[in-house]
Amino acid sequence: MRYINLNRLFMLALMCLKHFIQMKKINIVIIILITFITLQAQEKLILPELGDRVSGAVSIAEENIIGKEFLKQIYFQAPLISDPLIQEYTELLTYKLSEYSEVQNRIFTVLIIDDSTLNAFAAPGGIIGVNGGLFLNADNEAQFASVMAHELAHLSQRHFARNILNAKDRSLASTLTMISSIALAVISNNPNAMIVGPAMLQTQNLRYSRLFEKEADRVGFSNLIRAGYNPKSMGEMFTNMNNLRRLSGEAPPEFLLTHPLSSSRINDAFNAAEGFAEEGTKLNSLEYSFIKSRLEVFYEKIPIQSVREFKARLNENKSIENIYGLALAHSKNNKHKESEKLINILLEEYPTNLFLNTSKVEILTKSKKYESALSLVNKFLEISPRNYPLSVAKSKLLLQMERYYESEEIIRDLLIIRNEDPQLWLLLSEIERSSKNIVGYHQSRAEYFLLLGQNEEALAQLEFASKLTKNNFQVSEKIMDRIISIKKAIAKSRGF
């Protein structure tokens, strides 16, 4: 009897699939899979002597590898919302909730998907994805947090790996097929998939059993309570989803396809809340209210309709979110005076709120009041140095003012911490193009394409840059080193 290491076979299958899909040799892929399954039927797979059975099925290292490939496809194919205010809010909330969770490795990549339908997902490697539509369909921060706590529970309970373990326990061939489908879902460039990551990977491997969903509810609810949120929020969010399902008819939101919602889950959530007091628990925040209004304006295809909508709401309820929404709606319609007046009303009540002040910087920049915007952003960056939304707002402001060097320095400073943020690399390339730094433009574009998993495109950018730096030895050598490393990565991915 021969013994074989599942980890090595997993990596071999992943590399072969990636190479042959890139070469469009699908028939060869099928042959490999059949051969792979046949060989495995004759082998005895060894689980680690030390450690749990889940890690024996899929190790943490393997989950991270899957996550990295998955992330590249998300960046490449999924439309993302590039909004530092929403991004920072979601990241901070995720990390806050994780402190009360059982997640061991609290390093996350948070993605805000540009889709107005309700959806959220957690993928291997600490990837948390949120559709813009989740904000629109959660009435308050507590309801939104209940979904995030549920997704974190999927990670902490390692449901992805346990799915594979359960399949392996039932059938070896089923396990190998599942592992193959992971690779196919992660690597495939199927244009008919809604989003290769969320749609295909969730459908194939993140659609959990009722038992796992209930476990994520239970663990997520416990974490939500420890984080200080209203105990009824999870049941209320389930009710919102149930209502949405009724309205959707035969095409329910993707979230409900991958997270089946039964009446028992709704009842269990409300029953669990009965033992906890609501008094003193957190229900909402200013920032969450502002984000809901911000996204409503963002998703409105007819800008003037946002003005009409928020004016109508203000006539009924002069709430801060309605004032904020109307301010953004006016700005989108180039009614800068009206927009500034409304944002100032809010700042009279909340003068130090960073979300509002960043929004005012954006409004002033759009109205070309550059000096006023610069004075305001500098004031709050002194209070909150390196604040992500403020820093990006200042960089974009300086770009408009044609102060390219200063604009570029801000983004480079942010990249020290957020080096794997493709949106920052893209913004940097735009700044460099505006400043006529063509070599820098191609270098930044290369880094952007690398994060998208487009190694060939990155290589082309660097080779073009290399031709422009023949008289600059230091820059030329740096570019050549990067070219060599990318070529090695390409060769490795092809199994050479």
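Taken together, the values in this text are just the output of simple stated rules run on the coordinates, not laboratory data. None of these values were measured; they are calculated from a predicted model. Here the Cβ is made from the backbone with ideal geometry for all residues, glycine too, and neighbour counts use every protein chain on show.
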* Structure fact -> Note: Ser262 to Ser434 extended length (0.36 nm per residue) minus current alpha-carbon separation gives 56.5 nm
* Asked: For Arg418 and Ala61, what is the calculated FRET efficiency with R₀ set at 30 Å and r taken between the beta-carbons, to the nearest 0.05?
  -> 0.80
* **Other-chain or far-sequence residues with amide H under 5 Å of Thr109's (modelled H)** => Ile127, Ile128
* Structure fact -> So the FRET efficiency between Asn315 and Glu456, C-beta based with R0 = 56 Å and rounded to 0.05, is 0.50
* Measure off 7 Å from each Cα along the Cα-to-Cβ vector at Lys96 and Phe473, then give the distance between these two points in nanometres to one decimal. => 5.5 nm
* To do: Quote to one decimal, in nm, the extra length available between Ile490 and Arg210 on full extension: 0.36 nm per residue of separation minus the C-alpha distance between them.
  => 96.7 nm
* Structure fact -> For Ala138, the net charge from surrounding residues (Cβ-Cβ under 10 Å; K, R +1; D, E -1) works out to -2
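What does the charge count around Ala153 come to, taking other residues whose C-beta lies under 12 Å from its C-beta (Lys +1, Arg +1, Asp -1, Glu -1)?
Values: positive: Arg158, Lys214, Arg218; negative: Glu102, Glu151, Glu213, Glu215, Asp217.
Neighbour charge sum, excluding Ala153 itself: -2.
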* Quick one: length gained pulling Arg106 to Glu348 fully straight, 0.36 nm per residue minus the C-alpha distance? -> 83.3 nm
